[in-house]
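Trainee: Here it is: the structure, laid out below.
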Amino acid sequence: MAIFYLNVITVSRSIGRNAVVAAAYCSRSRLRDSRRETVADFSTLTDAEHSEILLPAGARPEWSDRAILWNEVEAVEKRDDAQVAREVEIAIPSQLSREDGVALACEFFNEQFVERGIIVDLNIHRAAGADGVERSYVQGLFSMREIVEEGFGKKRTDWKDAKLLSKWRERWTLLSNKYLIAAGCGQLIRAGADAVRGRALEPFFEDEGIERRAENLEIAWRNGERLLGEPELALRALTHASASFSRREMIAFVSKHTAGKEQFETALARVECSVELVRLAGGESFSTRSLAATVQCRNDESMSGSDALGEVSATETSRSLEEAIAQWERAGLRLRGVGLTYETAKAFEKRSGIKSVGVHGLLGRWKKKQDRLAATDVLVVNDAKGLSARQKEWMLRATRAARAKLVLIDGIQLVEIDGGATGLSPEEMTAVSG
């Protein structure tokens, strides 16, 4: 299957990022920031394949000069915490030629932005993805203000619409498949939950002098944005040299690859809530689901492979539901509650604060392909002992398909099953739920 990856990064002064530094990074160039009287220099990076500025009708010709454009974007923003620009980062299908990749990127950004009066600083680079394979990526940087006769006008508010990102992903999928079919490629993009995703985390400049601090902050922020969307990148990096790692090592890694307290705390929470993260026997170290059985066997030679997998598939914990909810919310996950009946669901909702529905109503909507789970969902089932075998099977299938987290509650017992715990049968689910 062709890789699919589309992410949005906001350029905000609230953590010291600005449009000139972002533009210098995206274009791999050297730009002077007139407002701060500094120079952002990313010209030593050599992965650029294509660079151009797409101007809409009515835009000033001098804005084709990158330094003029982004310094004017900075000048129009007066607030110290202003959001000055946004960037759409997309993977180009590796089956396309360089010329087709450029044509695809231009068609997408012209259609979605330029024709709507938005200037786009379009750049394409060749870099390694999260899977280690090199491919081309688009970085389209654009101002958050509309173009008027006097220059930059009011900020557009529709950028905050969550549905807009879904529309961009759908449109990129359709256009990419059009080019893939024209190129005679049988593998098409599918932007579903099982699509291959992700850029690899970017290395920092080794020279930590004053002139490189802004550049390394930019890279740290971009890495943090990738961790928010794909926390498994941290787990892959942590297990690259060793099959297990400590929580201190996990915190240090996330801290290095994020910028600012808010981004660090959210990224760390998402890594800790990742369906790939498992706590090993003893509780002092962690690993990934794919490595957990091997690590457990090393720690206890008498433990069979199936026992090891059972140990990490479903983790019974003594922490309270309130503690778990706080962690899930810090990670930005969506909590969804389920009760045996509508009445018990509403009682659970009132007690926990988790919006809840009855199990029969939820399964009915799933049969109609409505209200399905996403990878960022936590499905919390109250009174799990009362579920029938058929209902348990539905729950397992749904969480496996979406790679979501399933949580079973009975009294004070709380059992978390990450990603549907592939291989766990309804009978085994009955055992872990009491």
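Trainee: Enumerate the amide H contacts of L414 below 5 Å, restricted to partners 5 or more residues apart or on another chain; note that Pro and chain-start residues carry no placed amide H.
Mentor: Placed amide hydrogens put T317 under 5 Å from L414.
Trainee: So, with +1 on the Cβ of K and R and -1 on the Cβ of D and E, and no other charges, what is the size of the charge dipole of region 369-415 about its Cα centre, to the nearest 20 debye? It would help to have the intermediate numbers written out before the result.
Mentor: Numbers: 9 positive and 5 negative charges, 55 e Å.
Roughly 260 debye, rounded to the nearest 20.
Trainee: Can you list the HN-Hα couplings for region 34-47, worked out from phi with the Karplus curve (6.51, -1.76, 1.60; θ = phi - 60°), rounded to whole Hz and with x for Gly and Pro?
Mentor: Computed from phi, the couplings for region 34-47 are 5, 5, 9, 6, 10, 10, 9, 10, 10, 5, 6, 6, 10, 9 Hz.
Trainee: With charges set only on the Cβ (+1 for Lys and Arg, -1 for Asp and Glu), what does the dipole of region 6-182 come to about its Cα centre, in debye to the nearest 20?
Mentor: 460
Trainee: Separate question: Going by average Cβ neighbours within 10 Å, how do the peptides 370-381, 217-228 rank, with the highest at the top?
Mentor: On the way: 370-381: 18.5, 217-228: 22.5.
Highest to lowest by the protection proxy: 217-228, 370-381.
Trainee: What trypsin sites (Lys or Arg not before Pro) in region 1-66 are in a loop by DSSP, with at most 15 other Cβ atoms within 10 Å of the Cβ? If you can, show how the numbers build up before the last one.
Mentor: Working: sites: R13, R17, R28, R30, R32, R35, R36, R66; in loops: R17, R28, R35, R36.
Qualifying residues, ordered by number: R35, R36.
Trainee: I've got another one for you. Using the Karplus equation 6.51 cos²θ - 1.76 cosθ + 1.60 (θ = phi - 60°), what ³J(HN,Hα) coupling, rounded to whole Hz, does each residue of region 246-252 give in order, writing x for Gly and Pro?
Mentor: Rounded to whole hertz, the list is 8, 5, 4, 5, 5, 4, 4.
Trainee: For V11, list long-range residues whose amide hydrogen, built 1.01 Å from N in the peptide plane, is under 5 Å from its own amide hydrogen.
Mentor: Hits under the 5 Å cutoff: V84, A85, R86, E87.
Trainee: Skipping prolines and chain starts, which residues have an amide H placed within reach, meaning under 5 Å, of the one on T38, given they are 5 or more residues away or on another chain?
Mentor: D33
Trainee: At a temperature of 37 °C and a viscosity of 0.692 mPa s, determine how fast region 117-262 diffuses translationally according to Stokes-Einstein, using the Kirkwood radius over alpha-carbon pairs as Rh; express D in µm²/s, rounded to the nearest whole number. Walk me through the intermediate numbers first.
Mentor: Values: Rh = 18.5 Å.
Stokes-Einstein gives a translational diffusion coefficient of 178 µm²/s.
Trainee: Using each residue's phi in region 143-154, evaluate 6.51 cos²θ - 1.76 cosθ + 1.60 at θ = phi - 60° and report the 3J(HN,Hα) Karplus result to the nearest Hz, with x for Gly and Pro.
Mentor: Calculated HN-Hα couplings, in order: 6, 8, 10, 7, 8, 10, 4, 7, x, 8, x, 6 Hz.
We did not get these values from a lab; they are worked out from the coordinates using the rules stated. Predicted model, so just to flag it, every value in this text is computed and none were measured. Positions of Cβ are backbone-derived with ideal geometry, glycine not excepted, and every protein chain shown enters the neighbour counts.
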